[in-house]
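For reference, the structure discussed in these notes is given below.
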Amino acid sequence: MSEQTQTGELAAAQAHAAHADEHSQGHAEGHGHNVSYGTYFMVWLGLVALTAVTVTIAGIHLGSLTLITAMLIAAVKTSLVGYHFMHLKYDNVIIKVFVLVCLVIFLTFWILTFSDLSFR
Amino acid sequence: MANGSLANEVSYLEYQGKHKGIMGWLLSVDHKRIGLMYLMAIMIFFFVAMTLGVLMRLEMLTPGETIMKPQTYNSVFTLHGVIMVFLFIIPAIPAVFGNFMLPIQIGAKDVAFPRLNLFSWYLYMVGAILAIVSLFIGDGPADTGWTFYVPYSIRSAQNVSITTLAAFVLGFSSILTGLNFVVTIHRLRAPGMTWFRMPLFVWGLYATSWIQVLATPVIGITLALIMLERLMGVGVFDPALGGDPILYQHLFWIYSHPAVYIMILPAMGVVSEILPTFSRKDIFGYKQIAISSLGIALIGYLVWGHHMFVSGMSDTSRIVFSLLTFLVAIPTGVKIFNWVATLYKASIKFSAPLYYVLGFIFIFSIGGLTGLVLGALATDIHVTDTYFVVAHFHYVMFGGMGIMFFATMHYWFPKVFGKMYNEKLAVIACTVIIVGFNVLYFPFFIMGYMGMPRRYYDYLPQFQGWHILSTVGSWILVSGIVFMFGNLFYALLKGPKASMNPWGGTTLEWKVPSPPPLENFDEIPVVTGGPYVHDKATYIMHPSKEGIKANGGVKTVNQEAAL
């Protein structure tokens, strides 16, 4: 076997051996649950409906609320996709924590950027 | 298949696997060989960018045209910046020495994803080739400066799209390396290597890696938007189409300010390695230094707006970002004071790496404190976009990361290559470099304060004396750098063999042969204490011989108690 494969295997074996944070091992999504087509269909309908709401609201002058409304609807849609289609609902807690951390960082960027735009 | 014991009888430099010669390197997934491949590539780009820098200084020797046309000057400073930032400063210490030392320092045989590691190197090379290609095709090299500010970058007729594509690809290389390091540090630490027993270089890499993973995608998206603006006119940034050019600056600096910490945190990690070794004592304030790395990484995310104080940003935003900028000085100050305190009452052995570190502390302190001048709203307005800013970031980037890269090369040279360099010549080179550096860049502070704008091809006669002094400084600096590399290159060819631990270091890399064998360790060591303990052994290198069962790599509670 090649040197590369050997080193790779050793590292992989070590990854299993030195599991200092065993609890953090994520599980592949989809284990132990069956999601019906009906659920997916309902989520899809919800996404379509929210898209329709976004388009409708774009035509109404809400002033400074326009952006916030659009972002809130987008956030709900993203949550639906992440939660159902990307199986976040069925994932290990650590995966949910990682997603949450990313969202908090994104929100921080967003708030600081809009501390400029909103007060300009 | 080569068995493990055979692989560990020869060094990683001599080991012959399935592939021989150059292919044995290009297809190797050994973290040490990949680190050296990065070193080769990075050194080439460093010399190219350094040459461009020297040409710029030569052009500024006299007012008006000296050796190049204005358009050429614009392209030269853009290329100097892009190559130095994206191809040298960001990857240098993490990709070269992080790759090489991280697994050894935590007692692992490789990084968590060796193939991904090699893929990162190839992505880096693709990005680098794209940057080079942009010089020779189409309408000439980009002329926007390394910041690619809109609206000029949208309208420039030069090769901006390919240069941004190059930075985009390089970003992916950076993300994958960061991801690899985070997983490696979480999953592959040797038994007993708790978080607060990790060497501080590993802490620096850990903080850096998180920034690479979380901030780099922002620059990827931003540069992609520039390309879309240029090719399709989507109008996100173009005010003529309802876009906001200041939004570009926000997005650019959301990545590029944390990127400053990608550059400096690993360098700070190496300072924390060299000081205890040459002070012969434990580092002062281990936990504070470790946590301050994370503090810098965290606060460093929130200060990007200080690059935009005169952009037309809102007053509220300016005050918030100015305050946050002052906060980031605190964890940096914690590190500086702890380093100096480590030297107090130490048994100091003056050696080339330590000279570089002392030079770093001096230069970086100037760079850091002048950063506060720029972080304060009123003074920033006076010196913004002047040579003062150029001086500040060269003191931080080159004086910080660059000088520490040289220190790192000297500190780990015996371990990486198994050879010793001429110590006396190394100290002379270090002195020349530090003197040359200050003669080159300190006049920038004075010129900037007097009003010399950055990126200008021409200048008023009153600045000429400072420009001449600075240009002479560039010659001194380059002489020192060439001398330093000459000394190391000679050592590589003719230097005496290095011992396993020539400096009396206490971390794990000094417990394996110089150069290390392919898989680093005969068996995974067990760690029993902190990384900088000089008066007792804190590693069991052959646990099985001491009757300690590996137990799948994790000690039992009884074994922990016995240690």
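The values are calculated or read from the model by the stated rules, or taken from the named source; none is laboratory data. Please read these numbers as outputs of a predicted model, since none were measured by experiment. Please note: Cβ atoms are built from the backbone with ideal geometry, for glycine as well, and neighbour counts cover all protein chains shown. We work out accessible area using only protein heavy atoms, side chains counted, and drop any ligands, DNA or RNA first. Shrake-Rupley method; radii C 1.70, N 1.55, O 1.52, S 1.80 Å.
Please verify whether region B:231-250 includes one or more residues that are surrounded by 24 or more Cβ atoms within 10 Å (Cβ to Cβ) and closer than 30 Å to B:Thr507 by Cβ. Within region B:231-250, not a single residue is surrounded by 24 or more Cβ atoms within 10 Å (Cβ to Cβ) and closer than 30 Å to B:Thr507 by Cβ.
Being out of contact with any Gly (no Cβ under 6 Å at 6 or more places or on another chain), under 18 Å from B:Pro353 (Cβ atoms) and free of Cβ contacts under 8 Å to residues at least 12 places away in the same chain is true for just one of B:Lys424, B:Lys415. Which residue is that? Residue meeting the stated conditions: B:Lys424.
Here is the figure for region B:427-470: residues that are without any contact (Cβ under 8 Å) to a residue 24 or more places away in the chain and among the polar types (S, T, N, Q) total 1. Of everything in region B:155-181 that is β-branched (Val, Ile, Thr) and either within 11 Å of chain A (Cβ to nearest Cβ) or more than 20 Å from the chain's Cα centre (by Cα) (or both), the residue that is surrounded by the fewest Cβ atoms within 10 Å (Cβ to Cβ) is B:Ile162. One residue alone among B:Met60, B:Met56, B:Met68, B:Met101 is farther than 28 Å from B:Lys415 by Cβ and open to solvent by less than 10 Å² (accessible area, probe 1.4 Å), and that residue is B:Met60.
One line per residue, one yes/no per condition, for (1) of a type outside the set (Val, Ile, Thr); (2) at pLDDT 90 or above; (3) over 19 Å from B:Ser256 (Cα atoms):
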residue	(1), (2), (3)
B:Ser120	yes, yes, yes
B:Tyr124	yes, yes, no
B:Leu130	yes, yes, yes
B:Thr144	no, no, no
B:Thr147	no, no, no
B:Ser161	yes, no, no
B:Leu165	yes, yes, no
B:His186	yes, yes, yes
B:Met198	yes, yes, yes
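In region B:380-410, which residues are of a type in the set (Ser, Thr, Tyr) and touching a Leu at 6+ places or on another chain (Cβ under 9 Å)? Result: B:Thr384, single match.
When A:Val35, A:Val48 are checked against the criterion of being in a loop (DSSP other than H, G, I, E, B), more than 23 Å from B:His250 (Cα to Cα) and more than 14 Å from chain B (Cβ to nearest Cβ), a single residue qualifies: A:Val35. For the residues B:Asp238, B:Asp244, the requirement of being within 12 Å of another protein chain (Cβ to nearest Cβ) and either of a type in the set (A, V, I, L, M) or out of contact with any Ser or Thr (no Cβ under 9 Å at 6 or more places or on another chain) (or both) singles out B:Asp244. Of all the numbered requirements in (1) free of Cβ contacts under 8 Å to residues at least 40 places away in the same chain; (2) more than 29 Å from B:Phe309 (Cβ to Cβ); (3) open to solvent by less than 70 Å² (accessible area, probe 1.4 Å), A:Phe98 misses one, and that requirement is (3). Taking helices (runs of 4 or more DSSP H) as the structural unit, those lying wholly within region B:295-396 and holding at least 2 residues that are among the charged types (D, E, K, R) correspond to B:315-343. None of B:Ala207, B:Ala215 is within 14 Å of chain A (Cβ to nearest Cβ) and under 20 Å from B:Val85 (Cα atoms) except B:Ala215.
Considering the conditions (1) more than 14 Å from chain A (Cβ to nearest Cβ); (2) of a type in the set (Phe, Trp, Tyr); (3) within 22 Å of the chain's Cα centre (by Cα), B:Trp121 is excluded by exactly one of them, (1). Being in a helix (DSSP H, G or I), surrounded by 17 or more Cβ atoms within 10 Å (Cβ to Cβ) and more than 21 Å from the chain's Cα centre (by Cα): is that true of B:Ser470 here? Criteria met by B:Ser470. Just one of the listed residues (B:Asp110, B:Asp143) is of a type outside the set (A, V, I, L, M, F, W, C), within 14 Å of chain A (Cβ to nearest Cβ) and not in a helix (DSSP H, G or I), namely B:Asp110. Could you go through region B:282-297 and let me know if any residue there is out of contact with any Ser or Thr (no Cβ under 9 Å at 6 or more places or on another chain), within 14 Å of chain A (Cβ to nearest Cβ), modelled with pLDDT under 95 and open to solvent by less than 10 Å² (accessible area, probe 1.4 Å). So far as region B:282-297 goes, no, none of its residues is out of contact with any Ser or Thr (no Cβ under 9 Å at 6 or more places or on another chain), within 14 Å of chain A (Cβ to nearest Cβ), modelled with pLDDT under 95 and open to solvent by less than 10 Å² (accessible area, probe 1.4 Å). Within the set of pairs 6+ apart or on separate chains, which have a first residue in region B:511-538 that is among the aromatic types (Phe, Trp, Tyr), a second that is part of a loop (DSSP other than H, G, I, E, B), and C-beta atoms under 7 Å apart? Pairs found: B:Phe521/B:Gly107; B:Phe521/B:Lys109; B:Phe521/B:Val512; B:Tyr532/B:Asp282; B:Tyr532/B:Ile283; B:Tyr532/B:Thr506. Summed over region B:312-343, the residues that are in contact (Cβ under 8 Å) with a residue 60 or more places away in the chain and away from chain A (no Cβ under 12 Å) give a count of 4. Is it true that some residue in region B:181-204 is over 21 Å from B:Leu87 (Cα atoms), free of Cβ contacts under 8 Å to residues at least 40 places away in the same chain and touching a helix residue (DSSP H, G or I) at 6+ places or on another chain (Cβ under 6 Å)? Yes: one or more hits. For B:Glu519, the criteria (1) assigned to a helix (DSSP H, G or I); (2) surrounded by 21 or more Cβ atoms within 10 Å (Cβ to Cβ); (3) not aliphatic (A, V, I, L, M) hold in every case but one, which is (1).
Answer yes or no: is there a residue in region B:357-373 that is closer than 21 Å to B:Gln249 by Cβ, more than 14 Å from chain A (Cβ to nearest Cβ) and open to solvent by 10 Å² or more (accessible area, probe 1.4 Å). Checked against the condition, which is being closer than 21 Å to B:Gln249 by Cβ, more than 14 Å from chain A (Cβ to nearest Cβ) and open to solvent by 10 Å² or more (accessible area, probe 1.4 Å), region B:357-373 yields at least one hit.
Of the helices (runs of 4 or more DSSP H) contained entirely in region B:1-90, those carrying at least 3 residues that are more than 14 Å from chain A (Cβ to nearest Cβ) and touching a helix residue (DSSP H, G or I) at 6+ places or on another chain (Cβ under 9 Å) fall at B:31-59, B:70-82. Number of residues in region B:73-98 that are of a type in the set (A, V, I, L, M) and open to solvent by 20 Å² or more (accessible area, probe 1.4 Å): the value is 2. Just to be sure before I move on: is B:Val260 more than 14 Å from chain A (Cβ to nearest Cβ), part of a helix (DSSP H, G or I) and at pLDDT below 95 in the structure I sent? Considered against the rule, which asks whether it is more than 14 Å from chain A (Cβ to nearest Cβ), part of a helix (DSSP H, G or I) and at pLDDT below 95, B:Val260 comes out as yes. Residues that are in a helix (DSSP H, G or I), touching a helix residue (DSSP H, G or I) at 6+ places or on another chain (Cβ under 6 Å) and either more than 25 Å from B:Phe309 (Cα to Cα) or not aliphatic (A, V, I, L, M) (or both) within region B:216-238 comprise B:Thr216, B:Gly220, B:Thr222, B:Met227, B:Glu229, B:Arg230, listed in sequence order. For region B:424-441, the criterion of being over 23 Å from B:Ala491 (Cβ atoms), surrounded by fewer than 20 Cβ atoms within 10 Å (Cβ to Cβ) and among the basic types (Lys, Arg) is satisfied by no residue at all. Just so you know, in region A:97-120 the residues that are at pLDDT below 90 and more than 30 Å from B:Ser314 (Cα to Cα) include one that is farthest from the other protein chains (Cβ to nearest Cβ), and it is A:Val99.
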